[in-house]
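First comes the structure, then the notes that go with it.
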Amino acid sequence: MEIINLLLKELEDELNITKKFLAIVPVEKFDWAPHEKSMKMKSLVVHIADLPSWISLALTTKGLDFETAPYTEPLAENIDDLLKILEKNYEQGKTELEKATETDLNDRWVLRMGKQVLADYSKYETIRHTISQIIHHRAQLGVYLRLLNIPIPGSYGPSADDPNF
């Protein structure tokens, strides 16, 4: 079960980095977006906090159909709410991952919109895609924060805003 242990370690590492980013989001900028085609800050940070829920979803279902189960954004009014969403989803994903076997990771998981297949992955690939999405959207948040002149925390080492850098 080495791959599961590696995924658990990676998930924990990304949780800790993500908490640093969510903790500095300015609530008064929740309705702000850098461009008309960009998500509003609030939708972006709620999405980031919600993404770990896809790990338990991947491990406890065979897929998701947005036509029959449309996405409902969790309610978050402040940073405390965001961090609670993140922690709850992380704990659920971690719990399901700890119960999984490597054989479970080979099973298929399909994301669709009715008859249109959006993704057809193994459960392992779904988990890795989820972690990649957390990283991707957290980097997007970093751009939002930079444009608002908010110092960026380090992710995998110091950032340009680290006084020791």
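Go through the range 61-84 and report how many residues are closer than 23 Å to Ala119 by Cβ and touching a helix residue (DSSP H, G or I) at 6+ places or on another chain (Cβ under 6 Å).
Count: 2.
Select from the range 19-36 the residues that are farther than 17 Å from Tyr156 by Cα, of a type in the set (D, E, K, R) and surrounded by 14 or more Cβ atoms within 10 Å (Cβ to Cβ) and list them in ascending order.
Across the range 19-36, the qualifying residue is only Lys29.
Looking at the range 119-144, I want the residues that are within 17 Å of Asn106 (Cβ to Cβ) and among the aromatic types (Phe, Trp, Tyr) and have a partner that is at pLDDT 95 or above and not in a helix (DSSP H, G or I) with Cβ atoms under 6 Å, at least 6 apart or on another chain. Which pairs are those?
Tyr121/Trp109
Of all residues in the range 80-134, which are in contact with a Ser or Thr (Cβ under 8 Å, 6 or more places away or on another chain), among the small types (Gly, Ala, Ser) and within 20 Å of Thr18 (Cα to Cα)?
Passing the criteria: only Gly93.
May I ask you to verify whether Asp65 is among the charged types (D, E, K, R), more than 18 Å from Gln92 (Cβ to Cβ), surrounded by 14 or more Cβ atoms within 10 Å (Cβ to Cβ) and modelled with pLDDT of 95 or more?
yes
Yes/no matrix, rows are residues, columns are (1) within 21 Å of the chain's Cα centre (by Cα); (2) modelled with pLDDT of 95 or more; (3) surrounded by 15 or more Cβ atoms within 10 Å (Cβ to Cβ):
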residue	(1), (2), (3)
Glu87	yes, yes, no
Tyr90	yes, yes, yes
Gly93	yes, yes, yes
Asn106	no, yes, no
Gly114	no, yes, no
Ala119	yes, yes, no
Lys123	yes, yes, yes
Ile134	yes, yes, yes
Arg138	yes, yes, yes
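Any residue in the range 1-24 that is in contact (Cβ under 8 Å) with a residue 12 or more places away in the chain sitting within a Cβ distance under 9 Å of a residue that is outside any helix (DSSP H, G or I) and exposed (fewer than 12 other Cβ atoms within 10 Å of the Cβ)? List the pairs, counting only those 6 or more apart or interchain.
The qualifying pairs are Met1/Thr101; Ile4/Thr101; Ile17/Tyr156.
Could we say that Leu6 is over 12 Å from the mean Cα position of the chain (by Cα), surrounded by 13 or more Cβ atoms within 10 Å (Cβ to Cβ) and more than 30 Å from Ile150 (Cα to Cα) here?
When the stated conditions are applied, Leu6 does not pass them.
Where the second residue is buried (at least 22 other Cβ atoms within 10 Å of the Cβ) and part of a helix (DSSP H, G or I) and the first is among the polar types (S, T, N, Q) and lies in the range 41-66, which pairs have Cβ atoms under 7 Å and are six or more apart or on separate chains?
Close Cβ pairs satisfying both conditions: Ser53/Gly93; Ser56/Gly93.
The values are calculated or read from the model by the stated rules, or taken from the named source; none is laboratory data. Since we're looking at a predicted model, the values are computed, not measured. FYI the Cβ positions are ideal-geometry reconstructions off the backbone, even for glycines, and counts take in every protein chain you see.
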